[in-house]
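Structure record follows, encoded as structure tokens.
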Amino acid sequence: MIIIKTLEEIEKMKKAGEILAKTHLELRKFIHPGVSTAEIDQVAENFIRSHGAIPAQIGYKDYPYATCTSVNDEICHGFPLKEIILKEGDLVTVDMVVLLDGYMADSAWSYGVGQVSKEVADLMAATKKSLYLGIEQARVGNRIGDIGHAIQSYVEPLGYSVVRDFIGHGIGKDMHEDPQVPHYGRPGRGPRIMEGMVFTIEPMINTGAWMSKLDSNGWTARTVDGSLSCQYEHTLAVTADGPIILTDQSLWSEDDSDA
Ligand code: MF3
Ligand code: CO
């Protein structure tokens, strides 16, 4: 069942999204070669808590950390660990959920560590672009399948693949609500998009095959062929005038070099 949000609820989710967006802006300054993913997690958790919010991933289905930090061939749900030290050229995705005043926002962002190769830079640019092409489809009158179609039909001709095993989702008082939002699909299919829906779009795009395998920790998914995986995720609200990005970083950024 899709839970439609009131304007007041969307306002609350926007406040959670503001803290989340500012956390990412903080991380952008912090992520460099030599930093461990455990340190990234600590910076994020401290920032969220010091702003009066709760890192909602901790304890969710027994997930142990505030963030997921997924490096290179890791698709999602990478564990932030002190022995995982980022090096020049790595690609790391940091995903987190912020809970404030009973409502959640969810956003993942990919960062290049130091100077990255053209392969990494191109993948990052295409993945981010695919997210915004998906968001553009989140309009009253469209269907959920239009979102996935926009993403898939943009990235596949570039030689990339769309991860199937993890998808976007409705969000509100709970982290995962209906609808399910695949990042692949056919136009005109799936649930109708209606005013007051709030959901994530979070394409995971690989340089190789889309298939994933799970680490022995039961969480971390990585590409079967060792190829690179990148992800950008926003939480957005559907209004009569189109989508509003609740986790928009550019609202709070001094420069507009990203987002
Ligand atoms: N933020 C993730 C998402 O987009 C959820 C991570 S699962 C958790 O759905 F267990 F880490 F919370
Ligand atoms: Co997320």
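A short reminder: the numbers here are calculations on the coordinates, not readings from a lab. Everything quoted here is computed from the prediction, not taken from an experiment. A quick note on method: Cβ atoms are made from the backbone with ideal geometry, for glycine too, and the neighbour counts reach across all protein chains shown.
Using Cβ point charges alone (K and R +1, D and E -1), the dipole size of the range 27-168 about the Cα centre works out to roughly 340 debye. Comparing Pro80, Pro64, Pro182 in a Gaussian network model of the chain (Cα springs below 10 Å), the most mobile by mean-square fluctuation is Pro64. Taking one quarter of the surface of the convex hull spanned by the alpha-carbon atoms of the chain gives a direction-averaged projected area of 12.6 nm². Using a Gaussian network model of the chain with C-alpha springs under 10 Å, which one of Ser229, Ser161, Ser216 is most mobile by mean-square fluctuation? It is Ser216.
Among the listed pairs Lys14/Lys129; Lys14/Lys61; Lys5/Lys128; Lys118/Lys173; Lys61/Lys118, those whose Cα-Cα separation exceeds 31 Å are Lys118/Lys173; Lys61/Lys118. Of the complete DSSP H runs in the chain, those spanning 15 angstrom or more by Cα along the long axis with a mean Kyte-Doolittle score not below 0.0 are 118-136, 144-155.
If only the Cβ of Lys and Arg carry +1 and only the Cβ of Asp and Glu carry -1, the dipole of the chain around its Cα centre is close to 460 debye. Computed over neighbours whose Cβ is under 15 Å from that of Tyr103, the net charge equals -3, Lys and Arg +1, Asp and Glu -1. Simple rule: put +1 on each Lys or Arg Cβ and -1 on each Asp or Glu Cβ in the range 78-120, find the dipole, and look at Gly89, Tyr103, Phe79; the Cα lying farthest toward the positive end is Gly89.
A run of the chain free of exposed loop cleavage sites, with GluC sites (Glu not before Pro) counted only in DSSP states other than H, G, I, E and B and at most 15 other beta carbons within 10 Å, reaches its longest extent at 89-194. Shown for the range 85-187 is the translational diffusion coefficient from the Stokes-Einstein equation, using the Kirkwood radius over Cα pairs, a temperature of 4 °C and a viscosity of 1.567 mPa s: 85 µm²/s. The longest stretch of the chain left intact once loop-based trypsin sites (Lys or Arg not before Pro) with at most 15 other Cβ atoms within 10 Å are removed from consideration, loops following DSSP, is 1-81.
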